[in-house]
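Report on the structure given below.
The values are calculated or read from the model by the stated rules, or taken from the named source; none is laboratory data. Quantities reported herein were computed from a predicted structural model and do not represent experimental measurements. Glycine gets a Cβ as well: all are built from the backbone with ideal geometry, and neighbour counts include every protein chain shown.
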Amino acid sequence: MDHGYRALSRRDVLAAAGTTAVGVLAGCSGASGGDGADGDGDGDATPAAQQLPAPVKGDPGAAVTLAVFEDYACPHCADYNVEGFPELDAEYIAPGEIRYEHRDLPIPVADPGSFQAANAARAVQDRHGDEAFWTYAAAVFERSGEIPSEAPDLFATIADEQGHDGEAIRAAAVDRVYGGTIQADRDEAVELGVEATPAFVLNGEVVASGYGSGTVDEVSAALDEALSETG
């Protein structure tokens, strides 16, 4: 089955599972919105041809948008979600200072696991809304190291643990139901010049790539400047 994925150019993918050093930063090398409606029912999935909006946290109408491009199998993305995201969440997202978006960028670090993980998380978003997506995505990142060997069963297990239909989520992962949505994110990453995951894009401009001890400070400084300009 042709899911619409295309290979990323050598210019945009330096090494499928390599690392890029930028000072103390490290990232999985590669590149390739709107509000997600909240919901709590197990509704019908969006037709495959229809793209889903980016999952959103924070204030959907904020003047400052931080979009983060990630591969669920990337260890640096996992580290960011476990160690760095909580700080940005407490300072900017939970208080409603910014709009925060997830964007899919399966390089892939794991093939087909990276693509399957993105599809599984989008299936949760489609069926249960953004809040459920963020909870599910966090759990996948926490078990990121299991993706190469345990996908797609891992995605069903996590879904079941969270009260979703695990078999439906597994099927969406295997069939890559949301391939068009994921490819659109990958295409945008290429256009932006993203070179590594996680990549932090502030109001359409890449402000940091990779994750290390100084990443949150770097992103926070960029956010403070952008917020000061909005008055």
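Count of region 195-214 residues, restricted to those that are in contact with a Gly (Cβ under 8 Å, 6 or more places away or on another chain) and more than 20 Å from Val82 (Cα to Cα), is 2.
Yes or no: region 68-87 includes at least one residue that is out of contact with any Asp or Glu (no Cβ under 9 Å at 6 or more places or on another chain), within 25 Å of Val174 (Cα to Cα), surrounded by fewer than 20 Cβ atoms within 10 Å (Cβ to Cβ) and modelled with pLDDT of 95 or more. Scanning region 68-87, I find at least one residue that is out of contact with any Asp or Glu (no Cβ under 9 Å at 6 or more places or on another chain), within 25 Å of Val174 (Cα to Cα), surrounded by fewer than 20 Cβ atoms within 10 Å (Cβ to Cβ) and modelled with pLDDT of 95 or more, so the answer is yes. Scanning region 110-140 for residues that are among the small types (Gly, Ala, Ser) and within 12 Å of Arg176 (Cα to Cα) yields a count of 7.
Selection of helices (runs of 4 or more DSSP H) fully inside region 106-218 by the criterion of at least 2 residues being surrounded by fewer than 23 Cβ atoms within 10 Å (Cβ to Cβ) returns 130-142, 147-150, 153-161, 166-175, 179-192.
A quick yes/no check of all residues on (1) over 16 Å from the mean Cα position of the chain (by Cα); (2) under 21 Å from Thr135 (Cα atoms); (3) polar (S, T, N, Q):
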residue: Thr157; (1), (2), (3): yes, yes, yes
residue: Glu167; (1), (2), (3): yes, yes, no
residue: Asp175; (1), (2), (3): yes, no, no
residue: Val190; (1), (2), (3): no, no, no
residue: Phe200; (1), (2), (3): no, yes, no
residue: Asn203; (1), (2), (3): yes, no, yes
residue: Gly214; (1), (2), (3): yes, no, no
residue: Glu229; (1), (2), (3): yes, no, no
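Checked against the criterion of being at pLDDT 95 or above, closer than 22 Å to Ala118 by Cα and of a type outside the set (Asp, Glu), the candidates Val201, Val207 yield just one match: Val201.
Scan region 86-124 residue by residue and report those that are over 19 Å from Ala151 (Cα atoms) and touching a Phe, Trp or Tyr at 6+ places or on another chain (Cβ under 9 Å).
Answer for region 86-124, where residues must be over 19 Å from Ala151 (Cα atoms) and touching a Phe, Trp or Tyr at 6+ places or on another chain (Cβ under 9 Å): Leu88, Asp89, Tyr92, Ile93, Ile98, Tyr100, His102, Arg103.
Within the bounds of region 183-203, is there any residue that is more than 14 Å from Val68 (Cα to Cα), touching a helix residue (DSSP H, G or I) at 6+ places or on another chain (Cβ under 9 Å) and hydrophobic (A, V, I, L, M, F, W, C)? For region 183-203, residues more than 14 Å from Val68 (Cα to Cα), touching a helix residue (DSSP H, G or I) at 6+ places or on another chain (Cβ under 9 Å) and hydrophobic (A, V, I, L, M, F, W, C): absent. Exactly one residue among Ala208, Ala222 is touching a strand residue (DSSP E or B) at 6+ places or on another chain (Cβ under 9 Å) and more than 17 Å from Ala78 (Cβ to Cβ), and that residue is Ala222.
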